[in-house]
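Every number in this text was worked out from the coordinates using simple rules, so none of it is lab data. Only a predicted model underlies this, so the values are computations on that prediction, with no experimental measurement involved. All Cβ positions, even for glycine, are placed from backbone atoms using ideal geometry, and neighbour counts span all protein chains on display.
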Amino acid sequence: MTENDDKKLVVPPTQENKQKCLCPDCPSYNQCMQDKGEVLFCSSGATSCELEKWGCPCVRCPVQLEYHNIGLFYSEKGALKK
């Protein structure tokens, strides 16, 4: 167990947040992620798919703005916790 395991998610994995999520519009979002239904990486964690970085819209994502997050490539880094 790591120190991060005891922390709580910053972004709750609600249906509302999933609908506002820009992950599917990201240039780095690929067919594997789509097939697995992976979205809301800032809450759900890093992708299990191979990732090629082609850009990141996280800075303008409504979910990010609502929770005052600053960061990029949650598809690689994983969920925000505090």
On the principal axes of its Cα set, how long, how wide and how thick is segment 14-77? Give whole Å, largest value first.
28, 22, 17
In the neighbourhood of residue 47 defined by beta carbon distances under 13 Å, the net charge of the other residues (Lys, Arg +1; Asp, Glu -1) is -2
Full extension between residue 35 and residue 10 adds, at 0.36 nm per residue less the Cα distance, a length in nm of 6.4 nm
So how do 7-17, 34-44 stack up, highest first, on mean other-Cβ count within 10 Å?
34-44, 7-17
Restricting to DSSP H runs of at least four residues, report the calculated mean residue ellipticity at 222 nm for the chain, -39500 (n - 2.57) per run over all residues, nearest 500 deg cm²/dmol.
-6000 deg cm²/dmol
Going 7 Å from the Cα of residue 73 along its beta-carbon direction, which residues of segment 36-57 have the amide nitrogen within less than 14 Å of the resulting point?
46-47, 50-57
